[in-house]
Amino acid sequence: MSSQRFPATEDSINGAKEKTAAEAIPILYGILEDPSSSSEAIKIKEVAITDLSDHLREEGRAEELQSLLTRLRPFFSLIPKAKTAKLVRGIIDSVAKIPGTSDLQISLCKEIVQWTRSEKRTFLRQRIEARLAALLMENKEYSEALNLLSGLIKEVRRLDDKLLLVEIDLLESKLHFALRNLPKAKAALTAARTAANAVYVPPAQQGTIDLQSGILHAEEKDYKTAYSYFFEAFEAFNTLGDPQAIYGLKYMLLCKIMVNQAEDVAGIISSPKVGLQYKGPELDAMKAIADAHSKRSLKLFETALQNFKTQLDEDPIVHRHLSALYDTLQEQNLCRLIEPFSRVEIAHIAELIELPSHQVEKKLSQMILDKKFAGTLDQGAGCLIIFDDPKTDAIYPATLETISNMEKVVDSLYARSAKIMA
């Protein structure tokens, strides 16, 4: 950081724009050192702050961005609160674009929240607290995020700031979903939709609401409704050129696979609107899963999971549904294979299904316990013994019906005797 001072003029700003990031940074710091507080100088300094934060981001100097915010506090007292909020959020956005800075962002937000409380900047504090809650959720610090949100929601509802309320309710829905509390996740999403209906919501925010709606419907196995929400989210993000569009598309393909329409996946991927623009590992992963599902092949399914670990296993939404799909596919295949036998070696079934013997044995024992079929495992001989489906004895339902009818007769007689005695 240079100690040389530059005048806060357009010439200084233009001179910095013609330099590389490393050369421009000392000049921009120098402009901020200018003691002038005229309206012209303040405007120049605002531009300098924006340019400086961009250059520091390009250079990956996250710590300097944090110290810049502390350094600018005296300057913030000279400009309107709305402009201060814009500049502060801009610097935080710059830090967020530098990889591996999640812990720094959390400490930075906490620092700003303390400063805004002391300065009584409520508008800015609420938005930074919402940002902090989102960061804590990404960092899996759920209890702290929930405590922060619960107080913030009450405060924002009193102020009736609809746009911020939409953001906070949506964040609360995501947080409860991460904690597997679906009723509360749905309630928070409904509150977000209600607030969104009362105010203009930017298309990106509406897309995020639709994406979360699709995720919750998919969790309830309502894949057709989920598909329509994911499609709406994809359309919104695609129009804006938002990178979240790929997730809307990916989850659309997931819904197609889950409703046994895997053959439609190739058609969606090869369509002109999608094919060229979003071609990459995310779509390749879903195509591989669709192929495996169409062929009912567990080996292809496992190969896809290994080849696309990042896209499938590390995406919690996809991973949860594919785990259920894999289990169903495995059960269907095993039931089909054991159907002709009354006694069969586990090793032979493992060979037919192309899976390790220990995995097949574990799955078969689970299926027997879940009463998917009647049988037992002879582990000494390494065999599966399948029993014929037990015939239901008709005497039990008939006996239950007789007892039920007798109960009605006794109740009727008791009612009549009660009337006579009265």
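In this structure, Val360 qualifies as modelled with pLDDT under 85 and surrounded by 13 or more Cβ atoms within 10 Å (Cβ to Cβ).
With part of a helix (DSSP H, G or I) and buried (at least 18 other Cβ atoms within 10 Å of the Cβ) as the only criterion, which of Leu163, Leu104, Leu136 stands out?
Criteria check complete, one pass: Leu136.
Find the residue count for region 288-298, including only residues that are open to solvent by 80 Å² or more (accessible area, probe 1.4 Å) and either under 17 Å from Val259 (Cβ atoms) or in contact with a helix residue (DSSP H, G or I) (Cβ under 8 Å, 6 or more places away or on another chain) (or both).
First pass over region 288-298, keeping only residues open to solvent by 80 Å² or more (accessible area, probe 1.4 Å): 295-296.
From the residues that got through so far, the ones that are either under 17 Å from Val259 (Cβ atoms) or in contact with a helix residue (DSSP H, G or I) (Cβ under 8 Å, 6 or more places away or on another chain) (or both) too are 296.
So the count comes out to 1.
From the list Leu104, Leu135, Leu149, which one is of a type in the set (A, V, I, L, M, F, W, C), farther than 30 Å from Glu64 by Cβ and touching a residue at least 24 places away in the same chain (Cβ under 8 Å)?
Details: Leu104 fails: farther than 30 Å from Glu64 by Cβ; Leu135 fails: farther than 30 Å from Glu64 by Cβ.
From the options Leu104, Leu135, Leu149, the qualifying one is Leu149.
For region 177-193, the set of residues classified as touching a residue at least 24 places away in the same chain (Cβ under 8 Å) and farther than 14 Å from Ser213 by Cβ consists of Ala178, Leu179, listed by residue number.
Within region 95-112, the residues that satisfy the criterion of being polar (S, T, N, Q) and at pLDDT below 90 are Thr101, Ser102.
The values are calculated or read from the model by the stated rules, or taken from the named source; none is laboratory data. These numbers come from a predicted model, not from an experiment. Note: ideal-geometry Cβ built from the backbone for every residue, glycine included; neighbour counts use all protein chains shown. Calculation scope for accessible area: heavy atoms of the full protein, side chains included, ligands and nucleic acids excluded. Shrake-Rupley method; radii C 1.70, N 1.55, O 1.52, S 1.80 Å.
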